[in-house]
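> Below: one structure in structure tokens.
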Amino acid sequence: MINPMVHKMKLSEIARLINGTLKGVDCDISGISNLDSQTVGTVAYADNKKNLDILVKSSVSALIIPGNFECTEKPVILVDDPKLAFSKIIVYFSPYKPYPETIFPHVFIEGTVTLGKGVTILPFTSIMDEAEIGDHTVIYSQVFIGKRVKIGKNCVIKAGVKIDDETVIGDHCIIHHNTVIGGDGFGYIQKDGKNIKLPQIGNIVIENDVEIGACVTIDRAAMGSTVIGEGTKIDNLVQIAHNVKIGANSIIVAQVGIAGSTTLGRNCIISGQVGIVDHVKIGDGVVIMAQSGIEGGTIESKKVLLGSPARDFMEQKRIYASLPKLPELVKRVTQLEKEIHDKNN
Amino acid sequence: MINPMVHKMKLSEIARLINGTLKGVDCDISGISNLDSQTVGTVAYADNKKNLDILVKSSVSALIIPGNFECTEKPVILVDDPKLAFSKIIVYFSPYKPYPETIFPHVFIEGTVTLGKGVTILPFTSIMDEAEIGDHTVIYSQVFIGKRVKIGKNCVIKAGVKIDDETVIGDHCIIHHNTVIGGDGFGYIQKDGKNIKLPQIGNIVIENDVEIGACVTIDRAAMGSTVIGEGTKIDNLVQIAHNVKIGANSIIVAQVGIAGSTTLGRNCIISGQVGIVDHVKIGDGVVIMAQSGIEGGTIESKKVLLGSPARDFMEQKRIYASLPKLPELVKRVTQLEKEIHDKNN
Amino acid sequence: MINPMVHKMKLSEIARLINGTLKGVDCDISGISNLDSQTVGTVAYADNKKNLDILVKSSVSALIIPGNFECTEKPVILVDDPKLAFSKIIVYFSPYKPYPETIFPHVFIEGTVTLGKGVTILPFTSIMDEAEIGDHTVIYSQVFIGKRVKIGKNCVIKAGVKIDDETVIGDHCIIHHNTVIGGDGFGYIQKDGKNIKLPQIGNIVIENDVEIGACVTIDRAAMGSTVIGEGTKIDNLVQIAHNVKIGANSIIVAQVGIAGSTTLGRNCIISGQVGIVDHVKIGDGVVIMAQSGIEGGTIESKKVLLGSPARDFMEQKRIYASLPKLPELVKRVTQLEKEIHDKNN
């Protein structure tokens, strides 16, 4: 633990917070543990028997487990969903404390900006004309918020984020450090060997409950809007090009690149370093495995894809399994040809 | 449209601006449309018959089309190059308005800095000793401009860009948010299991009319200069290592990585997520398809490459088309061997 | 050279600085050259005969060469390790001069911050409560240093770096521009089609002598610490996820992505654009070639891997060499089947 004893709670108090049933002796809990590291005085969760066995033998003082599990070695809290229950108590042991709801010194706010109640703004942030910031939103240092940007309630905008003119951001969004919302889309006309810039006059709309990692780049639309759907989560260093539309509750892992005008459905999982070319239409619930490349066209809902170029996951796995046989296969075919040729002569 | 009625023009006025011929009834135009979305009161362009058919049936009020096309359903403007003509009128309907040519408060400028006429600098930007900024250049918030940096005329440096000492940037360049020009090249000597830093004392030269996306990293040379040629356009999250030299009017798409001392010719297109190792020599007009990997050596002008490792585009396409047959091919060869062996016995 | 005559030294003085033996006539040296470009009045190094031949014919005025090499054409300095010797003199000809050890205006430092001796802080940097900065550390503009961050002695933190709460950084570290140390790990529970955030309450520990490139993202641990080992060097645009642990003296090249809880040994080399999934265990001295993908499991020490999915380097090279034969191989097998079938009938 980076800051032990940040907080101390009774195990029975934790049981109440997560609507669970305490079995065994009540005790003090001063932190949390997981499968990677365990400490005395902490609570961990297990949602399968294998992990329960590991944690029962560890130094943790209590466990959160499913209602139908047995455990007599340590005090336990029985719940329906141990991981979900655990997620609710983590925050009580966090060393990260919020900043006061105040405007720090050295902030530049143009006169026509509208600030909600209880807004926090740290030093060296600029907020330009006609921008609107919702209630209880926290804006860290060195953030730039352009003209007519709208940011909803209860958002957290981390240090160094740049949000350019006309961007619209919903409520309960988190944007991590140095992310850029509103660079120009990458659009040129090639004429006589030169690249003539196509002005990008659209904007970006980020719906409620979106989380965006660090150093992500989302480009504004050529016309219309680039859209990130409600509840979608984007990891670090992802590139989202102009006019992309991402559906609700999707997961975009680190270093993915999505090219212009591609649309993504709801509840998709796009794994790390995937590349998707422009104008692809991807259905709901699609899973694309890491480092895959989508060349174009339409991807039906629920497909699972792998490889560059991407194919059906199982087909691609069979190809990968066959590849080590290829060098020998070339020799085997040459040998067969020789045998048949020898026989024919 | 994110901000409807930003501007209203007569169609005949647009025809004059783009040197086109109006056919049909003049009307008011208050915005633009494209193939993705159309609105009443807007103008769109079509440069082929298929798109013309789509747009004729849409709600757009007027079209920009080639001089040899026919259209009687809607008023049209006839021009030589509809896309180019269209690009010239987009900006009239843009909601993005320039900042006043002024130095905002909270700017740090050391005494020996030279500022041109009509320079705009937004709050919380630092400009260090002996830097020179050309006329009418716009520098957004939280930009860092190091010692002896030279930036030309009519440039736009977006928020959070960091330009370290000794960098030279030409005229009419655009650099998007949080891009870094001038990190150290990644150079070490490995000695007794440790990595000893090789000081990087070169600089970076960016020629005229270059546009660089957001969160791009361009490293300064070990010695000499890293060079981005005139008119070259670089998308977001691209890595350009020390001593790379990129020719004029090339296109580098998002998340490309180019390793040290590689040289690129003129009018190349390097697609998204391509990786190019160090010391490669690439000719003019080379096209490298998305996610390809260039392992080394020399690439002749006009080559089109695909794959990791990259091969000739057509050869690689044939390999990709054959791969799904590989798992079955292994079985077929085993069967053939069995048949021949059975017959021989 | 970007700034000729920055410094002028006698060749004999250079020989003394690098403990070498001067052979030939002493002369003035005003800069350095390398294989890419040479100038009169400079010194270069050669550590093999081929490079020596090239440089002997060039305009450089002197050479640094191994003790067992012969050269009569130019004055030379004989040393054990020419590259290492050369690295020590580069800095004397650097145009990059340090900033004065002072706190510039427009810096925000909360009252409980502890600053060492001789600290440099440039404008528009924020340092929050209880942070500690070691002696002679240099912090550029627009840096954010969160609560309780500890930074050691003689570090350089370039412009725009964001270091969030609780991060611990050792001595002699260099962090390049706009890098983010301390974004939240990417952790969610998927429940009823929604993504519920798992609070990330761990931190990041960066040991001594680490160098980190520009626009790198290192996420804080879910619990415990994300760790970058002593002497490890990380290039630009790299993603290091929560709870990753990287051993000492490893090299991570640009645009690599390492997913959660993966551990890396000492003296590994992870080449550009490699992706490594979560929970992989990688031994010491492992080399992973560019664009490779590690799917999971355990990688033994000293392995050399290539490809996506990655295989043993030599095996993968044989597969790559066989692939161009695949389209023809399919035809050859079909032909064999036909011949055997014809004969059987």
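The values are calculated or read from the model by the stated rules, or taken from the named source; none is laboratory data. Keep in mind that what you see is a predicted model, and the values were worked out from it rather than measured. Cβ: placed from backbone, ideal geometry, glycine included. Neighbour counts: every protein chain shown. These area figures cover heavy atoms from the full protein model, side chains too; ligands, DNA and RNA do not enter into them. Shrake-Rupley method; radii C 1.70, N 1.55, O 1.52, S 1.80 Å.
> So for the pair A:K302, C:S59, with labels modelled 7 Å out along Cα→Cβ, what separation do we get in nm?
7.1 nm
> Here is a further query. Kindly report the accessible area of the stretch A:108-317 per residue (heavy atoms of protein chains, probe 1.4 Å, no ligands, DNA or RNA), in Å². Don't jump to the answer; show the numbers that get you there.
On the way: 5860 Å² over 210 residues.
Solvent-accessible surface per residue comes out at 28 Å².
> At a probe of 1.4 Å, how much accessible area disappears from chains C and B on forming the pair, both sides counted, to the nearest 100 Å²?
5800 Å²
> Of all DSSP beta bridges located in the stretch B:9-93, what percent are antiparallel, nearest 5?
Details: 5 of 14 bridges.
If I count the DSSP bridges inside the stretch B:9-93, around 35 percent turn out antiparallel.
> Hey, rough spin-label estimate for C:V25 and B:I269, points 7 angstrom out along Cα→Cβ, what's it come to in nanometres?
Computed distance between label sites C:V25 and B:I269 equals 5.7 nm.
> Return the distance in nm (one decimal) between the two label points of a simple spin-label model at C:S12 and B:T114, each offset 7 Å from Cα along Cα→Cβ.
A separation of 4.1 nm, rounded to one decimal place.
> Summarise the partner chain shielding of B:147-156 as one whole number: the mean count of Cβ atoms from other chains within 10 Å of each residue's Cβ.
On the way: counts 4, 5, 0, 0, 0, 0, 0, 0, 0, 1.
Going residue by residue through B:147-156 and averaging, the value is 1.
> How big is the charge dipole of chain B about its Cα centre, in debye rounded to the nearest 20, if each Lys and Arg gets +1 on its Cβ and each Asp and Glu gets -1 on its Cβ? Before the final figure, lay out each step's value.
Numbers: 36 positive and 38 negative charges, 144 e Å.
Its charge dipole is roughly 700 debye.
> Report, for A:K23, each distance to the same residue's label point in the other copies, shortest first and in nm; define the point 7 Å along Cα→Cβ.
8.3, 8.3
> Output needed: percent of Cα pairs per 20 Å distance bin for the protein assembly as shown, bins running from 0 to the one holding the longest distance.
12, 41, 34, 12, 1
> Between the stretch C:128-176 and the stretch C:224-267, what is the C-alpha centre distance in whole Å?
19 Å
> Checking buried surface per residue: for the stretch B:188-212, which residues lose a minimum of 30 Å² accessible area in the protein assembly relative to the chain alone (1.4 Å probe)?
B:Y188, B:I189, B:Q190, B:K191, B:G193, B:N195, B:K197, B:L198, B:P199, B:I201, B:E211
> Next question. List the distances, in nm and shortest first, from the label point of A:K343 to the matching label points in every other copy, placing each point 7 Å from Cα along the Cα-to-Cβ direction.
Nearest first, the other copies' label points are 0.3, 0.3 nm away.
> Per-residue ellipticity at 222 nm for chain B, helices alone: DSSP H runs ≥ 4 residues times -39500 (n - 2.57), over residue total, nearest 500 deg cm²/dmol? Show your work: numbers first, answer last.
Numbers: 5 runs with 53 residues, N = 345.
Rounded to the nearest 500, it is -4500 deg cm²/dmol.
> Normalized C-alpha radius of gyration of chain A, against 2.2 N^0.38 Å?
After normalising by residue count via 2.2 N^0.38 Å, the value is 1.31.
> Return the average number of partner chain Cβ atoms within 10 angstrom of each residue Cβ along peptide B:230-242.
Values: counts 1, 5, 1, 5, 1, 9, 16, 13, 4, 12, 2, 5, 0.
Partner-chain Cβ atoms within 10 Å, mean over residues of B:230-242: 6.
> Express the carbon and sulfur contribution to the solvent-accessible surface of the protein assembly as shown as a percent, rounded to the nearest whole number, probe 1.4 angstrom. Could you put the intermediate results ahead of the total?
Details: 20130 of 39080 Å².
Here it works out to 52 percent.
> Taking beta carbons within 10 Å but only from partner chains, what does the mean come to for residues C:170-176? Please report the intermediate quantities before stating the final value.
Details: counts 0, 0, 0, 0, 3, 0, 9.
Rounded to a whole number, the mean comes out at 2.
> Ok, one more. Please sort A:296-304, C:308-316, A:26-34 by packing, taking for each peptide the average over its residues of neighbouring beta carbons within 10 angstrom, highest first. Walk me through the numbers on the way to the answer.
Working: A:296-304: 13.7, C:308-316: 17.6, A:26-34: 19.7.
My ranking of the peptides, most packed first, is A:26-34, C:308-316, A:296-304.
> Under 8 Å for C-alpha pairs, at least 6 residues apart: give me the relative contact order for chain B, rounded to a whole percent.
Over chain B, the number comes to 6 percent.
> Of B:K245/C:K97; B:K49/B:K233; A:K194/B:K158; A:K191/B:K8; B:K49/B:K88; B:K150/C:K245, which sit over 32 Å apart, Cα to Cα? Could you put the intermediate results ahead of the total?
Numbers: B:K245/C:K97 26 Å; B:K49/B:K233 30 Å; A:K194/B:K158 23 Å; A:K191/B:K8 29 Å; B:K49/B:K88 22 Å; B:K150/C:K245 41 Å.
In this structure, B:K150/C:K245 lie more than 32 Å apart at Cα.
> For the stretch B:104-112, just list the computed ³J(HN,Hα) in residue order, Karplus coefficients 6.51, -1.76 and 1.60, θ = phi - 60°, integers in Hz, with x standing in for Gly and Pro.
5, x, 6, 10, 10, 10, 5, x, 9
> Pull up the DSSP beta bridges for the stretch A:108-317 and report the antiparallel fraction as a percent, rounded to 5. Mind dumping the intermediate values first?
Details: 6 of 62 bridges.
Bridges in the stretch A:108-317 are about 10 percent antiparallel.
> Also, quick follow-up: Tally Lys and Arg at +1 and Asp and Glu at -1 over the other residues with C-beta under 15 Å from the C-beta of C:T232: what net charge comes out? Display every interim value, and only then the final one.
Working: positive: B:K194, B:K197, C:K233, C:K245, C:R266; negative: C:D171, C:E207, C:D209, C:E211, C:E230, C:D235, C:D284.
My count for the surroundings of C:T232 gives -2.
> A further question follows. Can you list residues whose amide H is under 5 Å from B:Y188's amide H, if they're 5+ apart or on another chain and H is modeled 1.01 Å from N?
B:L198
> Related question: Looking only at the protein assembly as shown, where both bridge partners belong to it, what percent of the DSSP beta bridges are antiparallel (to the nearest 5)?
Values: 33 of 231 bridges.
The answer is about 15 percent antiparallel.
> If a/c stays under 1.5 just call it rounded; otherwise compare a/b with b/c (prolate if a/b is bigger, oblate if not). Do that for the stretch A:222-294, with a ≥ b ≥ c from the square roots of the Cα gyration tensor eigenvalues.
Details: a/c = 1.40, a/b = 1.19, b/c = 1.17.
In terms of gyration-tensor shape, rounded.
> Okay, next question. Can you list, shortest first and in nm, the gaps between the label point of A:K302 and those of its counterparts in the other copies, using a point 7 Å from Cα in the C-beta direction?
Those label-point separations list as 5.0, 5.0 nm.
> Relative contact order of the stretch A:244-345: what whole-number percent is it, with Cα pairs under 8 angstrom and at least 6 residues apart? Walk me through the numbers before you get to the answer.
Numbers: 216 pairs, mean separation 17.0, N = 102.
Contact order relative to length: 17 percent.
> Provide the descending list of Cα extents for the stretch B:9-93 along its principal axes, expressed in whole angstroms.
Between the extreme Cα coordinates on each principal axis of the stretch B:9-93 lie 26, 25, 23 Å.
> Given the options C:V156, C:G187, C:S126, identify the residue whose Cα lies farthest towards the positive end of the charge dipole of the stretch C:108-317 (+1 on Cβ of Lys, Arg; -1 on Cβ of Asp, Glu).
It is C:G187.
> For the stretch B:1-114, give the magnitude of the charge dipole about the Cα centre (Cβ charges: +1 Lys/Arg, -1 Asp/Glu; no others), in debye to the nearest 20.
Values: 11 positive and 12 negative charges, 48 e Å.
Its charge dipole is roughly 240 debye.
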